[in-house]
1. Starting from the 7 Å offset along Cα-to-Cβ, what nm value, one decimal, do you get for the label separation of Arg333 and Val242?
2. Of Gly283, Gly252, Gly112, which has the largest mean-square fluctuation in a 10 Å C-alpha GNM of the chain?
3. Over the chain, with a Gaussian network built from C-alpha contacts below 10 Å, which listed residue (Ala321, Ala195, Ala147) shows the highest mean-square fluctuation?
4. Which trypsin sites (Lys or Arg not before Pro) from region 1-100 combine a DSSP loop assignment with at most 14 other Cβ atoms within 10 Å?
5. By a straight-distance test (C-alpha under 19 Å), which lysines pair with Lys292 as possible cross-link partners, with residues fewer than eight away in the same chain excluded?
6. Once volume of the Cα convex hull per residue in Å³ is worked out from the coordinates, which option in [x] 149; [y] 131; [z] 164 does it equal?
7. On a full-extension model of 0.36 nm per residue, what is the gain between Ala200 and Glu43, subtracting their alpha-carbon distance, rounded to one decimal in nm?
8. Out of all DSSP beta bridges in the chain, what portion is antiparallel? Express it as a percent rounded to 5.
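Please treat every number below as a calculation from the coordinates, not as lab data. Small disclaimer: the values here were computed from a predicted structure and weren't measured. Cβ placement follows ideal geometry from the backbone for every residue including glycine, while neighbour counts extend to all protein chains displayed.
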Amino acid sequence: MEYAFLDRGRFDYTPRDCLEFHEAIEQEVLPLVRELQERRRKEMGLESLHPWDLAADPRGRPPLRPFQDAQELEQKAERVLDRLDPELGRDFRTMRELRLLDLDNRKGKAPGGYQSTLSEARLPFIFMNAVGLQRDVETILHEAGHAFHALATREEDLHPYRHAPLEFAEVASMSMELLGSAFLEEFYTSPEEAARARRAHLEGIVTFFPWMAVVDAFQHWIYTHPEHTREERAEAFDALMVRFGGDVDWRGFEDVRRQTWHRQLHIFLSPFYYVEYGIAQLGALQVWRNWKRQGREALEAYRRALAMGGSRPLPELFRAAGAEFRFDAPTIRPLMEMIQVELAKL
């Protein structure tokens, strides 16, 4: 564990901070998770909520269809970004003109979605497989955030300084998902559909935190119990699922619950990699909150922080963006309260 933290350059937080993060999620996020689960259970008319019920639309509606093809996705995303900030819209338009977007799904294309920087040209490139779903809208906004980060640091002479640590790199992208969601009417003519897309996004953020805590806490347990058996490992994971799973009925499928960590590739390939997303999501929620209160001033702070790249420690990068580099209960509580207010509007 100590080696992994040094190897990942975690100089600004410790294993103990991560354990306190898990506790804060249990205290401040799980009540909202249970509230959302109960709402879903009632909407679906069920006596109890099973794992497979979490993936279905609670009202049985077909998937949202915000666009038809990659060209329409590009056009509508550009309009969203123009409305958010003309400079960001201009940057995205430049990427379109330079053919730095490969968004459509096609036969023989590699899977996945990501932003990659062309280091010699100092330009970002976005790769994804869009099929016309709301998730694609979130992906293009997310990767655009990474692209804006790359563009903000392109004049930096030191190559390593052009790349921020993951804990802040994902603030750039997750913030853009939230900021762009204010203008989803560019994708939906129906206010009800736009509200549905916003609600699904916010609920996804809330439910992500407990799963992140499970994955991170499980890795802490694995590497601090090196002599454990296969059965002990399954029991340790199951205990975490009980602790962070909320009110989901696994009766008859307890053996499956004990092994659901198999679906998280990070556990197999990148020891201790995952908590970064939780830390970054807290930063992104704070950027979003600032924007809702301060508008352009918050966007300017966001852009200034991106331009710092990796030249400053994490606390300074967060501070520049108007966020606190903390992941304790007092930090999380008002963010969950904000989400509750937003969900009530939807």
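1. It is 2.9 nm.
2. The residue that fluctuates most here is Gly252.
3. Among Ala321, Ala195, Ala147, the largest mean-square fluctuation in the Gaussian network model of the chain belongs to Ala195.
4. Values: sites: Arg8, Arg10, Arg16, Arg34, Arg39, Arg40, Arg41, Lys42, Arg59, Lys76, Arg79, Arg83, Arg90, Arg93, Arg96, Arg99; in loops: Arg8, Arg10, Arg59, Arg99.
Of the trypsin sites (Lys or Arg not before Pro), the ones in loops of region 1-100 whose Cβ has at most 14 other Cβ atoms within 10 Å are Arg59, Arg99.
5. Lys345
6. It is the value labelled [x].
7. Numbers: separation 157, 0.36 × 157 = 56.52 nm, distance 1.46 nm.
My answer for the length gained is 55.1 nm.
8. Numbers: 5 of 8 bridges.
Of all bridge pairs located within the chain, approximately 60 percent are antiparallel.
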